[in-house]
Amino acid sequence: MANIYYKAGDVDKAMTLWNKSLNSPDISFQIEILQQQHQYLNEHDREHEAHQVAKRIIALKDSMAIIEQRDSIKEIQNMLEQEYVVQEAREERHMLIAICCGLIVTICIGIAIYTVRRRHYRKEISHHKNEALSNQKILRNLQQSSEQSAKDLKHLHKEMEMLRTEQSQLLAKGKQRYDEIMQGGNTALWHKQDFIAFMEYYRMIEPTFVEQQEKEYNTLSPKLQFFETVSHMGYSNKDIAQILCVGEDSLRSYKARVKKQKR
């Protein structure tokens, strides 16, 4: 409706409707309204107001990017937490089976010992006492070992939690870099960690390709791995040169370096 008033020349009415529309909770809709206001202010040489509107657009876009990144992190964390719960339940089940088997074996051994010793009870009473003391010592040692194992398991769980957190952050960053490339972006501002994050996220999309790449080559740098990956994704030499911000002559150098690392 504001656009209709604007095209009809009723600028004040259009600006009023635009300002009311900014109360919408939809950030993308707010950005669209602000862009229309920015276009109008530029066309009427109201540079100061246009600059203020542009700053609001940038701030809203940054907020939207933060929200999208947070949603991506939550989604990946939920996936990892579900996988961890399944794995933890499996480990607990295996531990319970092992404990039950140990108890059964211990009971069977005790019964066998008791049956054999019972025949010679009067002659070997002192031997039974010594053996009982020895078994008590063994049980104490087993109890101490069990307590130490519980401490080690708790420490291992803590380390696994830290690794899962780091992995989820790395995958979230990798998804962000992957989306940049898919939307026509480039790697001009990327660092080594960005290429590593991209490859870790792509491992979730094409695990077979990444594993085959690691088997076929001795040691490729993250950037050369990325170069091989975008080639696999079907980009032309021209597109890859734009993505890497290099000339096509540099691509030939990349190909030669990759070929040199092949097993």
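Any read-out appearing in this document is the output of simple, stated calculations on the displayed coordinates, not a laboratory observation. These numbers come from a predicted model, not from an experiment. Glycine gets a Cβ as well: all are built from the backbone with ideal geometry, and neighbour counts include every protein chain shown.
If you place +1 on the Cβ of every Lys and Arg and -1 on the Cβ of every Asp and Glu, how big does the dipole about the Cα centre of the chain come out, in debye to the nearest 20?
Numbers: 38 positive and 36 negative charges, 426 e Å.
That gives the chain a dipole magnitude of about 2040 debye.
Roughly how many nanometres apart are two label points built 7 Å out from the Cα toward the Cβ at Arg140 and Gln183?
The answer from the label model is 6.7 nm.
With Cα extents along the principal axes in Å in mind, check [x] 50, 46, 37; [y] 117, 55, 24; [z] 50, 44, 43 and report the label derived from this structure.
Among [x] 50, 46, 37; [y] 117, 55, 24; [z] 50, 44, 43, the one calculated here is [y].
Go ahead and set up a Gaussian network model of the chain, Cα springs under 10 Å, then flag whichever of Thr229, Thr208, Thr165 fluctuates most.
Per the Cα network of the chain with a 10 Å cutoff, Thr208 tops the list.
Net charge around Lys158, counting only other residues with Cβ within less than 12 Å of its Cβ (Lys, Arg = +1; Asp, Glu = -1)? Spell out each step's value before the answer.
Working: positive: Lys151, Lys154, Arg164; negative: Asp152, Glu159, Glu161.
My count for the surroundings of Lys158 gives 0.
Could you pull out every one of the lysines with an alpha carbon less than 25 Å from that of Lys255, ignoring same-chain neighbours closer than 8 positions?
Lys255 reaches Lys192, Lys215, Lys223, Lys238.
Using a 7 Å offset from the Cα along the Cα-to-Cβ direction at both Arg122 and Ser236, what is the distance between the two label points in nm, to one decimal?
With each label placed 7 Å out from Cα toward Cβ, I get 10.5 nm.
Along the charge dipole of the chain, pointing to its positive end and built from +1/-1 on Cβ of Lys, Arg, Asp and Glu, which listed residue (Ala65, Asn135, Ile27) has its Cα farthest out?
Asn135
Considering only the other residues whose Cβ falls under 14 Å of the Cβ of Phe209, what net charge follows from Lys and Arg at +1 and Asp and Glu at -1? Before the final figure, lay out the partial values.
Values: positive: Arg203, Lys215; negative: Glu200, Glu206, Glu211, Glu214, Glu216, Glu228.
Neighbour charge sum, excluding Phe209 itself: -4.
Put a dot 7 Å past each Cα toward the Cβ at Glu248 and Cys101; how far apart are the dots in nm?
Reported label-point gap for Cys101 and Glu248 is 6.4 nm.
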